[in-house]
1. Can you give the Kirkwood hydrodynamic radius for chain A, in Å, rounded to one decimal and based on Cα pairs?
2. Add +1 for every Lys or Arg and -1 for every Asp or Glu among the other residues with Cβ under 11 Å from the Cβ of residue C:36, and state the total.
3. Note down the accessible area of residue A:152, probe 1.4 Å, to the nearest 10 Å².
4. Among D:271, D:65, D:258, which residue has its Cα positioned farthest towards the positive end of the charge dipole of chain D, with +1 placed on the Cβ of Lys and Arg, -1 on the Cβ of Asp and Glu, and the dipole taken about the Cα centre?
5. Highest GNM mean-square fluctuation, chain D, Cα pairs closer than 10 Å: which of D:164, D:80, D:290?
6. Can you list residues from other chains, or at least 5 along the same chain, whose modelled amide H is less than 5 Å from the amide H of residue B:24?
7. So what's the net charge close to residue D:190: Lys and Arg +1, Asp and Glu -1, counting the other residues with Cβ under 10 Å from its Cβ?
8. Using a simple spin-label model with points 7 Å from Cα along the Cα→Cβ vector, what separation in nm is obtained for residue C:68 and residue A:147?
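The values are calculated or read from the model by the stated rules, or taken from the named source; none is laboratory data. Owing to the predicted nature of the structure, the values given are computational and were not obtained by experimental measurement. Here the Cβ is made from the backbone with ideal geometry for all residues, glycine too, and neighbour counts use every protein chain on show. SASA here: full protein model, heavy atoms, side chains in, ligands and nucleic acids out. Shrake-Rupley method; radii C 1.70, N 1.55, O 1.52, S 1.80 Å.
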Protein chains: 4
Amino acid sequence: MTWLDTSIMARRGVAGGEQRDRHTITEAEQGTYHYVYGPYAAPKLMVKPGAVITVETHDAFEGKIKSESDKPSEILNFPYLNPQNGPIHVEGAEKGDALAVRILEIRPRGPQPVGTTCLIPEFGGLVSTANTAMLNPPLPERVRKVEVDPVTGVKWSDRITLPYEPFIGTLGTSPEIEAITSLQPDYYGGNMDLPDVAPGAIVYFPVNAPGALLYLGDCHAAQGDGELCGVAIEHPTTTTVQVDLIKGWTLAWPRLENETVMMTIGSGRPLEDACRIAYRELTRWMASDYGFDELDAYMLLTQAGRVRLGNMVDPKYTVGASILKRYLTA
Amino acid sequence: MTWLDTSIMARRGVAGGEQRDRHTITEAEQGTYHYVYGPYAAPKLMVKPGAVITVETHDAFEGKIKSESDKPSEILNFPYLNPQNGPIHVEGAEKGDALAVRILEIRPRGPQPVGTTCLIPEFGGLVSTANTAMLNPPLPERVRKVEVDPVTGVKWSDRITLPYEPFIGTLGTSPEIEAITSLQPDYYGGNMDLPDVAPGAIVYFPVNAPGALLYLGDCHAAQGDGELCGVAIEHPTTTTVQVDLIKGWTLAWPRLENETVMMTIGSGRPLEDACRIAYRELTRWMASDYGFDELDAYMLLTQAGRVRLGNMVDPKYTVGASILKRYLTA
Amino acid sequence: MTWLDTSIMARRGVAGGEQRDRHTITEAEQGTYHYVYGPYAAPKLMVKPGAVITVETHDAFEGKIKSESDKPSEILNFPYLNPQNGPIHVEGAEKGDALAVRILEIRPRGPQPVGTTCLIPEFGGLVSTANTAMLNPPLPERVRKVEVDPVTGVKWSDRITLPYEPFIGTLGTSPEIEAITSLQPDYYGGNMDLPDVAPGAIVYFPVNAPGALLYLGDCHAAQGDGELCGVAIEHPTTTTVQVDLIKGWTLAWPRLENETVMMTIGSGRPLEDACRIAYRELTRWMASDYGFDELDAYMLLTQAGRVRLGNMVDPKYTVGASILKRYLTA
Amino acid sequence: MTWLDTSIMARRGVAGGEQRDRHTITEAEQGTYHYVYGPYAAPKLMVKPGAVITVETHDAFEGKIKSESDKPSEILNFPYLNPQNGPIHVEGAEKGDALAVRILEIRPRGPQPVGTTCLIPEFGGLVSTANTAMLNPPLPERVRKVEVDPVTGVKWSDRITLPYEPFIGTLGTSPEIEAITSLQPDYYGGNMDLPDVAPGAIVYFPVNAPGALLYLGDCHAAQGDGELCGVAIEHPTTTTVQVDLIKGWTLAWPRLENETVMMTIGSGRPLEDACRIAYRELTRWMASDYGFDELDAYMLLTQAGRVRLGNMVDPKYTVGASILKRYLTA
């Protein structure tokens, strides 16, 4: 028995956490990728709870940045950025339910150097942007292509190799009536850029529209806390997830569990609001599901809560707040 | 000759600022109101530059809050809030153009007391919200219905009558591929809740989608700076606007002119980012169109710029930054 | 009878709002100016309530920026900036009281061009700073010297003359045990850079230390909302204020009244927190002193409150929230 | 040989990282504790670089909260909170130098239950505060006393025991002319509430005043990221630190090293500004001392930087940004 057997997905999922039908969405099958999370696109795939789906994701630039001499400002065409696979319609999913997405595997796809990072004008955590608008001159553009190998890692330079720690940068369900750029994270998931959304984790999203309409893309081979310059090691991948459906579990924001922690995920600006959202959600979760008095939960998180900064560069910033499972079930 | 003759609309508009065809959208003609700003709804009306359009707007609650004993939390059904008229397709408008919207008249519509304000749980500038998430208990709900008369004003109480100073709370064009809740303001306008968007002003919006797709609604009979509790004196109206089209004028954010000032409008969080956006736009505008060196413009705004706080309650906060026209054309 | 006769100072002041003893602090008498607001400096002057005090203020650069070819970064020596007159000890003032400061007159002092503004590296509202830390290259430095005349105004350029609208940029009382840079505004006043702190206004400050210990300096000849580049039209002045003491009026933040409005002043970051502070103070003031139910006050301010942005450049941002007196006393 | 031998303290310190003279400051010797970080208090101790100093710290409440039935709002007397030992004058320290503080040991002091946490009205990360000012009713006050044992841990409840992971909550040098409440963190250190400031770490602070004037106090037995309710497991301790002096190393903000990472520490509001400060400092450090091109450093931190949230409750929020030493010296 593993932790999976006691996961929320296993205990409450329509498929009981079992892997059932297998599906694929290749690049060719996907055809047109999507740039918004919304209910207006036709489903690319209809699946049942328990489905295991393997998709071929593009990198965030749809592969258009091919060499270190490319100029992002000339190549990228806003808002056609961060292409997403899907949407995937999950049978039976209705507003008020939760969609469970277990991340099974992420593998690089395509010829080396398969990883891309770059400096994009007016984008990033330490530069003037369209939102934090300054008059300072911009930084120069710069592209870096890096080899990514699941075993040997991310070859940053002759001196430095980073471990391959892949995760899904953008993942979530459709809003009910909105269609929101895939560059943004919010209550339905989206561009959270949170490294915990990795193989070994199950992420739970609110279902807002019939069929949930799962989108995903933007896998990162490595990323530091905050995704500082705005561009992680972007890479195209073959990514496999398992979905399940939890009826009647109404979430305000995404939640995540893995072997050791329960996490809540908040996105907002300023950054303290993202932290507040995540920590309030966690406080309430401890009160509703784990027998804590709400104020005791608040006080315990003061001593034992952990915060992971996902991004500090996207239209909303994202953090995960977590607590060790062993404190919840003690 | 009035200031209108030298307005940007008159000088650069396809219709030269002339009023041409007249149209109406009654409540019945509108039928279904809209809750997102986006390109996915069929146009309700097709017009040419110079068109004068009279629409019957709902109040932000679609008239559902009828008495002071109503409970907003029981009546309001998120995200079906802030109903909008339109979209109005303006012939010839393409991405990269600007849409001019001159506000001609706003009149209350319907039986007294026609004005509504209220306290809504988890919404407002001085309370815990879904974004600035706190554990404090909520304030009680409260509804206030007030008589609104264009001549005698807004009868707040036996002691206090406020002047009738109506404006359009939510006004703007469609994003290119996004469909965003009408509760939010952003680069395309939307729920700015800025009192300057009033009769006597011309507002310029970026065109992002073919036909511009103008939406409007949410008229306020009176509002203080910041719309503090989140709900101004909301009222249904008969509102008349004139549209014109400025080809090739590419705006990043809305702009406004009236008899005395030029204004740029920014929306963001935290509030200083909204100010930065608005002031940077104004600085750049002075440099591109009024012969200022950019740093001189920055220094002059330091001495003579004015800031109007629109809202500090919506998903993004809105401010207008302005300068007297006489300093631009001296 | 004027509004002064019904001012809080007149109604509650120990001197009943009367002007009594007259004092001066010339530049020579001041000798050493101060760069912190704190209780550790010996009083420069001991006065009684009702005292009228004329002081010779320096400009914020202590007169060191003498020509347009000066380089601020070479001349200015942080933290020895924004020199303050005082402290002035007011007899009888104790923690828990309020100090009333009526601003009587501000006149330019010294040879023309007496006004200075400039761009300082890493300082200002639209540039990377020590707090909003970016990697972008800085803007160039630039100094502008301008003639300032109380009658003809501030001669910005051949084309543009701004009205002379002087106010005290930095004014307040000492904290109890802290000594805080005169560059910062806070609950005790300080570097608020709020244009309403002008002749015709009475400002009320919390008394935190025995004798209140009033400091003042940093007069501006003109300033836009937000003091955008961080440097208004700085000028040395002869400034006259009248002080009075209100026993037992315990304030959390500064308040201001003039002929038409009551205002509360908040300072903080992000800017919405400054607004929240100011508006909550105003709400509570309306409830405690003007017979409003607190939630009614909150709702009325939503319709009739006004916000003035003081600065968006100092260590804390400052706003004033106000309401027309006629709504308070209706 | 350990990492200490190659630490900055060992390589550049006046004492070469050696432990020399030993000193103590008992509670009785300290006598009056301090509530501001500033240059106005007489040094309690004069030491030379290499000194090892053992101090008896109070808890943040000076031991006044004795039982779970105490009411913090009745007992605590702002601004006389967070009592500090010191100041300790380090011979030879001048403005422009850096003070190294190696944390050797922290042991609980006094009778059980020696640990205290509590909910204080208008203070904390998920409640309305004096800064993020709301009208919501406050939470109830609540005190929790917990047993703290270095070996068996922090006995939170019958079910939950947290590891004893002590650190110094408030530690730093004096500002040059300011005296700032010990509740605040800033460029000189102070109330950072950052769990990395623990035994095993060396923290480097800018010297701003002659002798550096080291203050310390506020030790925590355990704390989660953000110190959510504002009060960690506070406890009185016997704490031992070693100081050294690095001449001519001019720091803008505190830095920290331990066996595995180099960290920079930023404090500010909003929280993204604290992150920006920390990350910009780290970028610049990598460029100045470790041979990185500045933009390469920025891009590498995007992939490999780590962020630790210290506090999201104090007058400024604190974060540490870090990178593995092995990437710096590869």
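1. On the way: mean 1/r = 0.0502 Å⁻¹.
One decimal place: 19.9 Å for the Kirkwood radius.
2. Numbers: positive: none; negative: C:178, D:176, D:178.
Here the charged neighbours net out to -3.
3. 100
4. With unit charges placed on the Cβ atoms, the residue in question is D:258.
5. Looking only at D:164, D:80, D:290, the biggest GNM fluctuation is shown by D:290.
6. Here B:54 satisfy the definition.
7. Values: positive: D:316; negative: D:186, D:193, D:218, D:314.
Net charge in that neighbourhood comes out at -3.
8. Simple spin-label model gives 5.9 nm for this pair.
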